[in-house]
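Down below is the structure, laid out as structure tokens.
The values are calculated or read from the model by the stated rules, or taken from the named source; none is laboratory data. Everything numeric in this text was worked out from a predicted model, so none of it was measured. Cβ placement follows ideal geometry from the backbone for every residue including glycine, while neighbour counts extend to all protein chains displayed. To get the accessible areas, we keep the full protein, side chains included, count just its heavy atoms, and leave off ligands, DNA and RNA. Shrake-Rupley method; radii C 1.70, N 1.55, O 1.52, S 1.80 Å.
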Amino acid sequence: MDLQLLRCDAGLSVAQASEAINTSRVPLSNAESGRRRLQDAYVGPLSHAYGVTTEELLAAQDVSFGVRRARPPREARPSAPRTVGEKINYLLEHGYAGRTPPSNEQIAQAVNEHSGTMHMTADDIATLRSGASTTASDAVRAGLAHALQVDIALFQDDAELSPAAGEFLEAIRFLGSIHQGQILGLAARGNQAGLSAGMMAKINEVVGELKNKLPGEQSEQ
């Protein structure tokens, strides 16, 4: 990632970033375009403004100047959720960006209301989420899908996820990253997250739309 993408990842325009280091746009524009490196006095404040370490900022500057550093080993991608509890935890973590996820008690209540006969408790849901229990009846799985507003197919078994289910979970993670302001950096870094080609294409499409709407991006880059 170069300096320009690092700035976009922080959600700042050239003007905003320049203001953060108390200078004109010239030093930053020169550094981003590979004409002149940042003065040492700007490195610390700009790192702070971007929310990165000075080492990460200097590495991005090297990229802007055509210097490629050896990449650190790629982190292993977290395995896809398979058990009922793992799927519940995944959906609660990634599927409620900007909203409060339902509690164990609320999930249990929704499962009971959906089945009409079940008597799930918050403790039952907690047991599934902790992995202490990995079995669930078809009725419970259907109720969980209803409670968490997903297709029942996602909870049907604990085997390898189908391609469609995998795409769905990737989409949830993608939408959550938009809310957290990470989407520009995700696209900038390429397919390091292990996303499918289709999902990366969608990400890049949305990123293109978002970047055009960022204040100052069109006129200052």
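The one condition from (1) farther than 14 Å from Gly85 by Cα; (2) in contact (Cβ under 8 Å) with a residue 12 or more places away in the chain that Arg141 does not meet is (1). When Leu154 is tested against the conditions (1) part of a helix (DSSP H, G or I); (2) at pLDDT 90 or above, the lone failure is (2). Consider the range 13-26 and keep the residues that are β-branched (Val, Ile, Thr) and without any contact (Cβ under 8 Å) to a residue 40 or more places away in the chain. The one that is least open to solvent (accessible area, probe 1.4 Å) is Ile21.
Restricting attention to the range 115-138 and to residues that are more than 11 Å from Thr83 (Cα to Cα) and crowded, with 16+ Cβ neighbours inside 10 Å, the residue that is modelled with the lowest pLDDT turns out to be Met118. For the range 27-37, the candidate set comprises residues that are in contact (Cβ under 8 Å) with a residue 24 or more places away in the chain and not small (Gly, Ala, Ser); within that set, the residue that is most open to solvent (accessible area, probe 1.4 Å) is Arg37. Looking across the range 90-114, the residues that are open to solvent by less than 50 Å² (accessible area, probe 1.4 Å), at pLDDT 90 or above and part of a helix (DSSP H, G or I) come down to Asn104, Ile107, Ala108, Ala110, Val111, Asn112.
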